[in-house]
1. What Kirkwood hydrodynamic radius, in Å, does segment C:95-173 give when the mean of 1/r is taken over all pairs of distinct Cα atoms and then inverted?
2. Stretch residue A:190-residue A:34 to full length: gain in nm at 0.36 nm per residue minus the Cα-Cα span?
3. So which lysines can residue A:58 reach, going by Cα to Cα under 24 Å and dropping same-chain residues fewer than 8 places off?
4. Identify which of C:24, C:284, C:233 has the largest mean-square fluctuation in a Gaussian network model of chain C, with springs joining Cα atoms closer than 10 Å.
5. Straight-line reach from residue B:129: which aspartates and glutamates have Cα under 12 Å away, leaving out those fewer than 8 places along the same chain?
6. Taking Rh as the Kirkwood radius, which is the inverse of the mean 1/r over Cα pairs, what is the Rg/Rh value for segment C:137-296?
7. Determine the distance separating the Cα centre of segment A:7-70 from the Cα centre of segment B:122-152; give it in Å without decimals.
8. Angle between the Cα long axis of helix A:262-284 and the longest principal axis of chain A, 0 to 90 degrees, nearest 10?
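Throughout, read-outs are computed from the coordinates displayed, never taken from laboratory work. Since this is a predicted model, take the numbers as computed values, not measurements. Cβ sites come from the backbone with ideal geometry, for glycine too, and all protein chains shown count toward neighbours.
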Amino acid sequence: MENPIVTPSELKTEEFVVNIGPQHPATHGVLRVEATLDGEIIKDVLPHLGYIHRGIEKMTESLGYKQSIFLTSRMDYLSAHINNHVCALAIEKAAQIEVPARAKAIRIIMDELQRLTSHELWWGSCAMDIGAVTPFFLAFRDRERILELFEQNTGNRLTMSYIIPGGVMNDVRPDFVPKLKALIKSIKEYRKEYDQLITGNFIFQHRTQGIGILSKEQAISLGCTGPTARASGLSCDIRKLYPYDGYEKLDFKEVIDYGCDNWARYVVRMEEMNQSIHIIEQLLDNLPTGDYRTKLKGVLKLPAGEYYQRVESARGELGVYIVSDGGAKPYRMKFRTPCYSNLGAVKPISVGMKIADLMANMATIDLVIPDMDR
Amino acid sequence: MKALYNYLKEVAFAFVSLANGLLLTLKYFVTPWKSIITENYPDNRANPSVADEFAGEVILIHDENNEHKCTACTLCQLACPNNSIQIISKQVETEDGKKKKVLDKWVYHLEMCTFCKQCIDACPQDAIKMTNSYELSCFDRSTLTKILNQPGSKLKEKPKVTAKVQE
Amino acid sequence: MISMIQFSDVLAWIHQLLSSCMAPWLVFLIELVVASVAAVVALLVCVIIMVYMERKVAGHMQLRHGPNRVGWHGVCQLFADIIKLLLKECFTPTRADKLLFVVAPVLSLCVSLLALAPISWGPGLVLWNTNIGVLFVTAISSMGVIGILMAGWSSNNKYALMGAMRSGAQIVSYELSAGLSIVAIVALAGTLNTGGIIESQANGWWILKGHLPAFFAFIIYIIASTAECNRAPFDLAEAESELTAGYHTEYSGMQFGIFYLNEYINMGVVSMVASTLFLGGWQPFYLPFDFGWAHAFNDIMALKFMETWPAWISWVSLAWPLVWFFGKLFLIIFFMMWFRWTFPRLRIDQLLKLEWKYLLPLSIVNLVIIALIVVLGLHF
Amino acid sequence: MIKEELKHYLEQTFPNSKVDETFDFPVLFITKEELIPVMKQLRDAPETKFNFLFCETAVDRNPEFEMVYHLSSTYYHHDMMVKVVLEDRENPVIESVYSLWEAADLYEDEIYDLFGIRFTNHPNLRRIFLTEEWVGYPLRKDYQDDRIISL
């Protein structure tokens, strides 16, 4: 009779491949993740993109500089203002356009409000990926208030095209400041509810703590930026390192956590919301008066050369690399989007975890699919 | 003993944290009149909460005399990133025999418009504006191509400084 | 409720009426059919209320109205949904195991309905008055997993298979704590008959009479049974953010509808068992204390004041136990919904850890303490 | 180091290579053979420590291609650009920098997909946005497609 003892290697089960996406509740868009599973354990993760590839970089080559800005709102639609901002900054830098002080302040307020909306939506969808549905509605309630403010002042709710080279498209309404003050007050109250419902929750803490470890070395090697990298202890806040539009005059902290796990990423984003509120509060009381934009010529031409501009988007470093040949259209416009490089972190932090952790990891990295696909 | 204490502490923390969340949802459940924030959308068409500044459909402003301000300069057409504007102009002869370009058709392709406000920004005459209409869907695609200048409308004449004719 | 009309009187009167004009076997058959149909219909009405309640609870907890378009405050929403489900095509995937795919939902439904047999709805109002009632319910409810496994396997879908396997592991594990909590109350009551257990709570519910251990048993039972029903936060078998819809990913139309129905029937059965064991079934609230106003309160609860009223009014008192029974049923269901719309989902290893490392040892210790209480006669 | 210092340093360290500057960064032009050693030196040298590859892209300077590497340092927070000119338009090949930065995995997938530049020693080179059957490389200046509507 043969030896009846079975060694663990013989007990190995068959691995199988599951396509998570492109239509899947947890991918928030059309990302397809090809996951190789051994039972519940993830062995390999391979993301597939391109389901919402619109060729924005190619389209900019046939549009003017001013018109390219409206395309950038469609990249990371959750931080459209910031996307417009980076483009406007790059063009202003190249064409040496002065921006009035009022426009700079409005831009920063809009950016930070946008960061708040983005993080609020992230908070809701992160909780939903982990299985709680109610937070999603709380998040949308609070986001809605800010979007209403955007609607009143910029005209649009999601894809604003509000920040343009030379300033902003139109001045804010006269009741902007009092409304924003009331809004900030209510947001502060709502933040407590977030902590009550999710942050303090025992199940949520156990689902995130110690899961999805991304070491600092890995974060650097993978090119991660934003809250994802800052949760691994990497200082990379563009607002601090390469200040633009007057961030250097404002008092705020760069939020860094050394936990490296999902919980650290969660905490960093939650604290960033507080910092955003703090930044807006500083600007509200002394919003500069004066002109809100510098009038430009109808057709904008940049001097030949190469320009790189970066800003801190809600997800990390958003850069635009413009190659100009001196004409009215960009020769090449490359967007360095934060989600595309952060996507690389999904595999190293998910291998060896359970399939439920993959969803939690993707949620805390905060992937926005159009931002990757462009 | 320490382990037992920690074990019990963890269980107690778990219950307290879960009860915290339960209290919040219960608060929302028992006070729906305070917490519910949804809009009663199809029923309150008469009084929607849409800001006046909301950038919806583009219109050509006509005054009470059926006059608009468009000089058919096509700047909006050039500014539009999506080619959703087509200005068709025609040559007419004025009374004093000069040829003049006037607007024939202001064609607006709503289906291609992304509401980026570039045309409004480009217009030197402030002839166009965006309304805050938001119910733009329709059953027939062809109805989305609109001609914005009303039939019979004409260019608003600027109040002329009448030059004194030397006699 | 000594001199008032009881359900047993009514039922005996109907039995006499039928026996006087029919053969005994025919009487038996008619009674069987009528009784089971009545029970199923009662349960389905409960399910309709539960579905509506779930949507409203979810809506109000999520800052919205819930259904409010069909009928007054959306009460007819469920009927609209049923019509939609009936009209939809029941789609079978090409590579699925056709027979098992069709049988699975029906089997789960049958199993959940079987568990209804020994439930005591009111005094004397029980379908199958057996002395192993509670044992039968636990035995039957663990068979529900077969339907889920069949559905998951026959769908030939990886999500469905994973959901089914998760569900299998989960239900088999949580059966233990649920069973041990039930045993604790059976030890206190000294009977397996559902009617008997309820009768034993006439002078106070077990959750109060059995001191703290009975309360712990109640909490453990609620947790375990929530897990057995695959309800959030233990809804790993469905886990819409991970497995899209788990074991019923491939089902559509009324086949999906049956699974949906099944979930609510399971919830109903579990809540009925919980209210029978811990909350005194159809017994009204009773304070197990011995002083003035407690007696007065208990007399009011037992409708003592109605004894002097004319006989035709006392017919109304027939509904009194039912009010309590369904009140408790929906209270427990509300708790389950409240949990679902508040908590995040657990991970599969955490779920099993919770059972094997926390709930099972706790319930064993709890059972030992209850046994001591029973032996020493410490309970009220 | 600020831009001028860095430019000076690069001129000293790589005397055989051309050093230029753009509006923002100093640019180092190298050949594709010396890519990996130079990159490794830039990454590990204690003066520069360019350990962060934050952007990698290509520019089609018809007819040649230009590979553009944006490097940054998380220690000193200075940045630079490294450019490699690829002459061969028909079959552009360059060594992958995946061995130095894992981020190159996705960046180079994108460049391969949209420019058709192939990378050797890349772990998984695939057309990440477009389908495998897609004809042509869209971001090349001579890309022809009937479906393109020029505005």
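1. Taking the inverse mean of 1/r over all distinct Cα pairs, segment C:95-173 comes out at 13.7 Å.
2. Working it through step by step, the gained length comes to 52.4 nm.
3. Within the straight-line cut-off, residue A:58 pairs with A:66, A:93, A:301, A:329, A:334, B:117, D:83, D:141.
4. Checking each option, the largest mean-square fluctuation is seen for C:24.
5. B:52, B:53, B:57, B:121
6. Rg divided by Rh gives 1.09.
7. Using only Cα atoms, the two centres lie 39 Å from each other.
8. So the inclination is approximately 10 degrees.
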